[in-house]
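Data first, discussion second: the structure below is written as structure tokens.
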Amino acid sequence: MKHEAEAEAMVLPLELVEKILVWLPVKSLIRFRCVSKQWLSLISDSRFAILHYDTADAAPTNKNTRLLYLSSEVPEARCVDLEASIHGDYALQLPLSCRHFCLSILGSCRGFILLRIHVHGAPLLLWNPVTGSHRSVPYPVADPDVPCWGGLGYDESCDDYLVVVGWGGIGHKWKPQWEYFSVRTNFWKEIECGHLPPHLVTVDCALFCNGVLYWLAVKDMEVNFVIVAFDLAGKHLSMVSFPTSGGSRRLLKLFAGCLGISYLNFTEDQKTEIWVMKELSWTRLNVVLPYAHVIHPLCFTKGELVGTKNNELVKVSDKGVSVKSLRISCRDRDNDSKMVMFTESLLSLPDEFGGTGEEQRK
Amino acid sequence: MDKWPSSNRYSLKAALMINYNPVIPSLCLPFLDLLIEIMSIKEKWLSAWCIKPVGGALVRQEPEYILLALMGSPLKKIMLCSSEKEIFNVEEQVMVQHSVIINNMIEDGSYNHEESKIPLDCVDSKTLKKVIDYCTHHTHHQNDNQEDLEAWDAQFLNVDSNGLYDLLMAANYLEIRNLLDLIYGTIKNMIKGKKIDEIRRIFNIKDHGFTSEEEEQNRKEYPHFY
């Protein structure tokens with residue numbers, strides 16, 4: 001009798017189950033929707049998705065961060081958990097509508113990826129790779145051959161996702177043009193950029209960091225690189241410069257959510273330097289990278305730098321030894337439009353009803 | 001003090017338990033003066049923890065309480081009462097540091113040190129003892145290095161799932177943040193890679209609520225996780 005009473009009493013109340021589930025990785029949670037109807041409604045609740053995302057983001061390192069790349073061998077996206085190990089990856093199904101086309105990644109934010117489909121008239125796609133849900137965004141640039149760049153960001157002040165697209169610039173017929181699309185209001189608006197000197201953005205994909213989108217650009221036909229920044233709350237473009245010039249660069253998002261730049265100078269010693277922006281000023285990190293001319297840094301995990309070297313993912317430890325690892329078969333272009341660092345989440349877009357062909361639980 | 005004859009210890013106990021005021025049996029007074037001289041006990045310490053006689057009877061105290069009071073600063077104790085009506089004396093400092101509920105009770109003055117016991121009707125004695133154990137260890141060893149604390153925690157949570165469930169409910173009721181986080185972390189690691197059927201067993205979910213079609217579809221979608 002006592003055992004029966006105990007067994008009945010021993011069911012954990014849902015509020016405590018939630019407190020445990022909030023710490024699990026997204027992959028586990030997707031599966032645990034099958035445990036019971038209660039768990040299904042708990043995990044599918046948008047309130048839980050927000051709680052889960054915020055909890056992971058509040059930790060010193062976000063355990064749900066992954067490297068996602070578009071595979072060139074099979075029409076799928078692959079994901080690497082860099083924190084766990086850089087030796088294995090897993091597949092994520094691309095949305096059915098774009099699976100067999102040439103794609104590039106224009107940005108990522110809070111678990112969503114902005115995809116560009118290289119087909120005339122195709123829309124942009126906002127895609128959550130783990131839940132599979134996606135939404136089309138009509139593309140403002142009529143001619144698909146016009147090189148353009150983009151970014152995806154989240155405006156905390158109004159709980160809205162903004163898609164930013166720009167095209168033109170130095171060397172093209174057009175002055176640079178910028179527009180942003182608000183997911184909530186569902187239309188495009190022009191961004192004022194006349195106050196900026198003529199510039200040309202050199203990367204496809206923006207980096208979203210602390211409410212601002214960043215792109216690398218060239219200014220005034222100079223060799224000097226600048227960073228173009230778009231503040232999402234104020235809808236305002238600006239330029240950020242940094243101390244060094246020349247060389248080859250890449251934007252990074254580093255620990256504590258700071259914006260970083262990896263700078264490879266082409267001088268004799270071929271060192272890669274990493275600079276971090278803290279409180280509006282640049283400081284150089286004390287990192288030594290060997291084989292500098294072939295490693296493109298991606299991010300730091302557990303104090304070690306992870307980067308790509310000739311289509312392979314490598315880790316560089318303090319001792320400067322590079323540990324070879326996973327082969328990434330995607331075209332490793334310098335502007336990284338085939339791979340992106342993103343954070344897995346269960347979040348859904350505001351007012352999302354689900355696009356055509358969306359499978360509910362994939 | 002162990003070497004003192006028991007009669008002396010008894011007198012000492014009696015003497016120390018009487019509030020030091022002018023109205024003291026003359027028998028005790030010289031003894032008390034001597035004690036103060038020998039042990040250099042400050043007068044305020046004595047009055048801080050000396051219990052006034054309650055209703056003519058002196059409240060019982062454990063011997064180690066007296067010893068501690070003589071050796072160091074006064075340690076106020078509080079009484080916790082389990083669901084099985086067993087009373088546990090715990091240092092106030094320890095419980096206040098860890099349990100938000102108890103801290104609030106003491107702060108808002110609803111707890112009367114001389115009379116109250118805090119009734120914890122949903123925590124049984126075995127679990128309450130464990131919880132007190134956790135809080136006491138973490139207060140007394142808070143300056144230990146991280147690895148030692150983690151090892152102790154791991155050993156502490158080496159219980160069966162019933163025990164873990166009881167600890168979780170108790171920690172939740174008493175709002176002991178660090179114990180809760182510890183248990184959440186343990187359970188999270190326990191379930192991370194497990195199959196659906198195992199999760200149902202661990203969480204004692206007898207009725208999953210899906211229709212047979214839904215359940216079949218689930219099994220088709222995630223065949224490796226059943």
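The values are calculated or read from the model by the stated rules, or taken from the named source; none is laboratory data. Model, not experiment: these values are computed from the prediction. Ideal geometry is used to build each Cβ from the backbone, glycine not excepted, and the neighbour counts take in all protein chains shown.
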Query raised in the report: If you take the residues of the range B:196-226 that are assigned to a loop (DSSP other than H, G, I, E, B), more than 7 Å from chain A (Cβ to nearest Cβ) and at pLDDT below 90, which of them is surrounded by the fewest Cβ atoms within 10 Å (Cβ to Cβ)?
Result: B:207
Report task. Would you mind finding the one in B:108, B:166 that is modelled with pLDDT of 90 or more and over 11 Å from the mean Cα position of the chain (by Cα)? Result -> B:166
Query raised in the report: Can you spot a residue in the range B:131-154 that is in a loop (DSSP other than H, G, I, E, B) and either within 14 Å of another protein chain (Cβ to nearest Cβ) or under 23 Å from residue A:18 (Cβ atoms) (or both)?
Result: no
Report summary line: The residue from B:95, B:169 that alone is within 12 Å of chain A (Cβ to nearest Cβ) and touching a residue at least 24 places away in the same chain (Cβ under 8 Å) is B:169
Query raised in the report: What is the number of the single condition among (1) within 28 Å of residue A:133 (Cα to Cα); (2) modelled with pLDDT under 75; (3) within 19 Å of the chain's Cα centre (by Cα); (4) not polar (S, T, N, Q) that residue A:355 does not meet?
Result: (3)
Report task. Answer yes or no: is there a residue in the range A:75-92 that is exposed (fewer than 14 other Cβ atoms within 10 Å of the Cβ) and touching an Asp or Glu at 6+ places or on another chain (Cβ under 7 Å). Result -> yes
Report summary line: Subset of the range A:273-310, residues part of a loop (DSSP other than H, G, I, E, B) and at pLDDT below 75, comes to A:286, A:287, A:288, A:289, A:290, A:291, A:292, A:293, A:294, A:302, A:303, A:310
**Report entry** Candidate set: the range A:109-130, residues that are of a type outside the set (A, V, I, L, M, F, W, C) and under 16 Å from the mean Cα position of the chain (by Cα); chosen: the one farthest from residue A:344 (Cα to Cα)
**Finding:** A:116
Requested in this report: Return yes when residue B:174 is within 30 Å of residue B:95 (Cβ to Cβ) and more than 9 Å from chain A (Cβ to nearest Cβ) and no when it is not.
Outcome: yes
**Report entry** In the range A:212-239, the residues that are at pLDDT 90 or above and in a loop (DSSP other than H, G, I, E, B)
**Finding:** A:232, A:233, A:234, A:235
Query raised in the report: Name the pairs: first residue in the range A:82-102 and touching a residue at least 40 places away in the same chain (Cβ under 8 Å), second residue aromatic (Phe, Trp, Tyr), Cβ to Cβ under 7 Å, at least 6 apart or on different chains?
Result: A:95/A:127
**Report entry** Counted residues, the range A:21-75 - those being within 11 Å of chain B (Cβ to nearest Cβ) and in contact (Cβ under 8 Å) with a residue 60 or more places away in the chain
**Finding:** 5
